[in-house]
Amino acid sequence: MWPIITRVYLCARDYILSVKLGNENIDKLVAQLVPVLCLSVLAKKFGGFQYSLTNLLSLEKNFPSRADFEEILDKVSSNMFGGKVNRSSYRRVAEPFLRDFASKFGISYTPNVGKWEPISVNTTAKTITHDGQPSAELIEKVDRLLPQQPWPRNIDQVVTKALKVRRSLVSEAINMLISQGRRKIQRDGIIYDEMGRAVAVDVSRTDLSVDEINQILAGTIKSEIPIMEYNGIRVLQLIDRSNRVSPL
């Protein structure tokens, strides 16, 4: 699959370079236009924006031609030629292009640019997310699977495997439970209340007592342990984040 996707991208890039070579913003133009051109070419080839691995593999024998790329830009007046487009505004600029393309070629289009979760009619998928966020049902499932705090290290990974969803969704569900007051903030095995006071600690992960942690945070005990802000409160950073260990 990846060689095919890469080939589509490179063909789109080469086409833009060939027709806009003199443009002083050519690098930015390539970054802005090539992704939507790739989406459009494939959607035209497969008759829609939802296509399978089998569809992609079929391109080995029926790859888009230069004329396919040319036809799209000839029929769709691109609002992406020039102008300032950053990461946050890309979706706002790209979607009108794709809507115009879909209309001219008679292809069904639902706004979906830049979303992690693809539009789906699958009922199960809808129970997992709502607009890219964990659904209320998923939050409840995560809550039922979480043990009493302090949680062991990598608890989000354990819950992820049990529910078979993305780890980022589980982490977001845990954050929502914390924001709702149903769980407390936990960092490196230390539990904090909403005022930022340590209230419990996983003794298997640090020798510090709750009182010692609070005194370090208050500055009454000198310590070389870094203090950082997390979820709006000051917490101790016991783990070197460079090793990418889960903070839970």
Most exposed first, judged by fewest Cβ atoms within 10 angstrom, 153, 144, 182 run 144, 182, 153
In nanometres, the difference between 0.36 nm per residue of separation and the alpha-carbon distance of residue 62 and residue 14 is 15.4 nm
FRET efficiency (residue 107, residue 204; Cβ distance; R0 51 Å; to 0.05) is 0.35
Label model pair residue 136, residue 225: point-to-point distance (7 angstrom along the Cα→beta-carbon line) in nm is 3.9 nm
In whole Å, largest first, the alpha carbons of the stretch 127-231 cover along the principal axes 48, 24, 20
If R0 = 25 Å, then residue 193 and residue 164, at their Cβ-Cβ distance, give a FRET efficiency to the nearest 0.05 of 0.15
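The numbers here are math on the coordinates, done by the rules we state, and not lab data. Owing to the predicted nature of the structure, the values given are computational and were not obtained by experimental measurement. Neighbour counts are summed over all protein chains in view; Cβ atoms, including those assigned to glycine, are modelled from backbone coordinates with ideal geometry.
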